[in-house]
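Notes follow once the structure below has been shown.
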Amino acid sequence: MTAKKRLIQTACVLVVIAGIAVSGCGVKGAPVAPAIRPASAIDSLTAAVKQDLVILKWHYKGSAKNIDGFAIYRGSEKRDEKNCKDCPVIFQKIKVLKAVDIEKEHKYTDQAPYGFRYMYKVRPVTRFSSQGPDSNIVKVEVIQKKTDRQ
């Protein structure tokens with residue numbers, strides 16, 4: 001009887017080992033990073049000119065969970081250059097603002113030299129340093145006012 005008992009125990013152990021070997025440990029492929037929801041675009045960017053200052057304002061309406069700040073970009077061209085509608089605008093990052101309260105209105109003031117046409121856009125920046133899509137693009141012209149001496 002002991003030989004029969006030992007044979008049954010060995011068979012049970014082999015069945016359990018075979019079951020574990022077939023099912024594996026649950027890993028079915030290469031490791032994958034957790035999905036991070038991309039940041040939403042800003043669609044409320046506005047610009048106002050006061051002398052040689054350009055004042056940008058916007059609201060961020062997306063999820064504030066992973067947003068760390070906003071990257072501000074500026075493109076420019078001389079006012080006397082012909083406006084080329086099909087020419088690409090080259091934007092350069094001019095500032096990254098830390099977001100203190102995502103729900104509030106955000107504001108940035110840029111000192112812009114006279115005599116240029118400026119285009120601005122803003123992108124949300126996540127806490128993982130990735131950037132969201134471009135906002136709407138705003139265009140302004142900074143024109144020097146004539147004084148009595150001119």
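Yes or no: the range 39-53 includes at least one residue that is more than 19 Å from Asp134 (Cα to Cα) and β-branched (Val, Ile, Thr). Yes - at least one qualifying residue is present in the range 39-53. Among the residues of the range 47-62, those that are touching a Lys or Arg at 6+ places or on another chain (Cβ under 9 Å) and exposed (fewer than 13 other Cβ atoms within 10 Å of the Cβ) comprise Ala48, Gln51. Being among the polar types (S, T, N, Q), under 13 Å from Val122 (Cβ atoms), in contact with a Gly (Cβ under 7 Å, 6 or more places away or on another chain) and in a loop (DSSP other than H, G, I, E, B) is a description that does not apply to Ser44. On the stretch given as the range 54-87, residues that are assigned to a strand (DSSP E or B) and either under 26 Å from the mean Cα position of the chain (by Cα) or within 19 Å of Asn136 (Cα to Cα) (or both) total 16.
For Ala30, state whether it is modelled with pLDDT under 85, assigned to a helix (DSSP H, G or I) and more than 24 Å from the chain's Cα centre (by Cα). No; evaluated as a whole, the condition is false for this residue.
Note on the range 102-128: residues that are closer than 22 Å to Pro38 by Cα, of a type outside the set (A, V, I, L, M, F, W, C) and in a strand (DSSP E or B) total 6.
The values are calculated or read from the model by the stated rules, or taken from the named source; none is laboratory data. All figures in this text were calculated on a predicted structure; none of them were measured in a lab. As a convention, Cβ positions derive from the backbone with ideal geometry for all residues, glycine included, and neighbour counts pool all protein chains shown.
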